[in-house]
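J.: I am attaching a structure below and will ask some questions about it afterwards.
What follows is calculated from the coordinates using simple rules that are stated; it is not laboratory data. The structure displayed is predicted, hence computed values, not measured ones. In this analysis, Cβ positions are derived from the backbone assuming ideal geometry, glycine residues included, and neighbour counts consider all displayed protein chains.
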Amino acid sequence: MANITLSIFIIVPMTGLSLATDTLGVNNSISYGETLVSSNLIFELGFFTPRNSSTSYLGIWYKFSPNMVVWVANRNNPLADRDGVLTFSDVGNLVVLNQLNGVVWSLELSRVIQNPIAQLLDTGNFRLTAWKSMDDPSPGDYVLELNNTQGLPQYEVVQVHVHSKKGRSGQWNGVQFVGSTAPNPAVVPVFVYTETEISFTFEVQERQLFSILKLNHLGVMQLLVVNRLSSATWNAMMEFPSDPCDFYGRCGANAICKVCMKNCSCTCYAISDIRGRGIGCLMWFGDLIDMRVLEEGNHVQTLYVRQSASKLDAIRDRTRRKIILVTIILSSIIGGLLLVGTALWGVKHKKRRIRTGGLEITKEDIDLPLYDFAALESATSNFSNNNMIGVGGFGPVYKGNLQTGQLVAVKRLSKSSQQGLEEFKNEVLLIARLQHRNLVGLLGCCIEGEERILLYEYMDNKSLNYFIFDQEKSMLLTWQRRFDIVVGIARGLLYLHRDSKLQVIHRDLKASNILLDGDLNPKISDFGLARIFGANEKEAKTKRVIGTHGYMAPEYAMDGKFSLKSDIYSFGVLLLEIVSGKRNRGFSHPSHHHNLLGHVWLLWSEGRALEMMEECLHSSFDRTQVERCIQVGLLSVQKFPEDWLAISSAIYMILNWGLVLPEPKEPGFFTERNLKYFDGASSKRDSHTQNLVTLTMPEGQ
């Protein structure tokens, strides 16, 4: 393990220097509340007390971001109170004394210095070990090592007590570590590898940016960057591990971790766009039926079949370590994900520019089939009420049967809808470019006159709220099914936030927007309110707050600020609703007037969290899983956004039972509601979505 540290402060003899705010002299000391500040106002040194802790430490933090502590002196020996003093000993050594003048920490200089001063510099440090928790800076369970095994340097995240690797990068290839994310032009990695030095640093290219490489208490390495001229918010430019394939030994020996390998139940996969211009892939589960091997030509795809490691050994001997490639026509597979010809059937012209009511979309823009209105009238029996399967903020949704025999969900914009042209265009242009097994598939659209219609893959089991908020239907969802739904939703969010080429914020994640297929697999739907974030864009603000009460994050509902973590808050609400079978908005209790989040928080604080679980789950639940889901739900809806989890961390916490999770803090919107403004309805019936709300809110939901 390379010991890489940059000096934060130095001690030198005082030779006529006058003391400044960044220096400490031999006759001076620093107590709690007093600090040193570096000359360019970057770093500050002093005593601090972590939140939810009564102990104090000597540390260094960014002046413009006090919560970002970069160094802790007495992390193994905390002060029990706030009476610590930083001063010089008789031999010129810098020490921290407690109220009994006992030495808590010392710098341990190798020689005596006469008349020393300590100076805080405008530099940072590389922290090697993680904190034990967010509130405890003592050494935690993980370390970050720069390993030089066999002359091939790579970094590894190691769990200390069990001597187990959690994740590792590939070897340094001269530009970056193999397998790491694409280089960011704002932050350039610098790697030195000589006989006398092995070091790895980052150089920030813009002077107003500051960065820190941090290993958190969950064993996740983060490269955080902040622009102190515009904000004190630190944004994660990189996280490791974040992708399931980042975890060491994920797929076992002799296996390749790919799209297919992220879901161990996947049988095979294929690239979704045979022209090579699309993104995403198709995945099959269970048995493959009616496969055929065809000659190379039009309308064929390469099928990548998943094999066990033992079988791959034999295959490698025969095929020089290549996985079997089988070409098939996807329409020959029963229950296939694509129907060849369907895409062509509804298209009137290959290239078509349509403009209506201020909306302009071209075929080149959307790369989607355009359907005739008359064909959709026929497919839905003239949009008969008997075929209506739901109503949302966009308008009614009908079950349709195309001439090819394919069942589809037909969503028709109603004239009275609060959503309009921009939301329709947003969904058409966005969801067509997103493909994941936990996202609903968009099959085409229709734009004729005033008609605006979207066609989706048909979901046999409607939406999640159809089950969990109905007393009878909720009994059909055992705990294991609910847990699988939670994991599926989280994986869909991970794709939107990190794995897709577009970084997408959904902004309306809720139970009615989680559709369930015939096997009750969840699919996130309704991207009319979604927002694409650029690579360097981490937060935005709007005067037009859009979303659904009860699921919106506090800073979004009140101030119009939204980010990737806005979806995390909604995910936390949804997670607690799935466990409890109760809505956050409209929840009522005879003992208090809190919403569901407040109720769960009260139970958690009293050690009674399992009491919030839906009664029908008592015969099927796994106590460890339920408690972990409740805890992750509360961690996702805490009051301060900086405390919220990344979706990758949420998945890791849910699936790793042996991991010790941090204690959640008070949730946002925790104050009790005024019943004067409370509609109080706890009906099992789902009300229509209200997607347009104002910034003026009489109560917190």
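J.: Mind giving me the FRET efficiency for residue 90 and residue 31? R0 is 25 Å, r the Cβ-Cβ distance, nearest 0.05 is fine.
T.: E between residue 90 and residue 31, to the nearest 0.05, is 0.80.
J.: Assuming R0 = 22 Å, what is the FRET efficiency of residue 383 and residue 406, from their Cβ-Cβ distance, to the nearest 0.05?
T.: Taking R0 as 22 Å, the efficiency between residue 383 and residue 406 is 0.80.
J.: Which length gain, in nm to one decimal place, applies between residue 80 and residue 663 when the Cα-Cα distance is subtracted from 0.36 nm times their residue separation?
T.: 207.8 nm
J.: Work out the FRET efficiency for residue 481 and residue 54 from their Cβ-Cβ distance, taking R0 = 51 Å, and round it to the nearest 0.05.
T.: 0.70
J.: So how much slack lies between residue 655 and residue 267, counting 0.36 nm per residue of separation and subtracting their Cα-Cα distance, in nm?
T.: Gain in length upon complete extension: 137.5 nm.
J.: Sorted by mean Cβ packing within 10 Å, highest first, what order do the peptides 73-86, 93-106 take?
T.: In descending order of packing, they fall as 73-86, 93-106.
J.: Same structure, new question: Loop only per DSSP, at most 10 neighbouring Cβ atoms within 10 Å: give me the GluC sites (Glu not before Pro) in the stretch 574-631, ordered by residue number.
T.: Those that pass, being in a loop and sparsely packed, are 606.
J.: Sorted by packing (mean other beta-carbon atoms within 10 Å per residue), highest first, where do 481-488, 379-386 land?
T.: Highest to lowest by the protection proxy: 481-488, 379-386.
J.: Counting other beta carbons within 10 Å of each Cβ, put 456, 32 in order, fewest first.
T.: 32, 456
J.: Which of 448, 472 comes first, and how do the rest follow, when ranked by fewest Cβ neighbours within 10 Å?
T.: 472, 448
J.: In addition: With each pseudo-label sitting 7 Å past Cα toward Cβ, what's the residue 112-residue 540 distance in nm, one decimal?
T.: Distance between the two pseudo-spin positions: 6.6 nm.
J.: Moving on. Per 0.36 nm of contour for each residue apart, how much would the distance between residue 608 and residue 40 grow if the chain were fully extended, relative to their Cα-Cα spacing?
T.: 199.5 nm
J.: Kindly put 245, 446, 629 in sequence by how many other C-beta atoms sit within 10 Å of each C-beta, fewest to most.
T.: Going from least to most buried by this count: 245, 446, 629.
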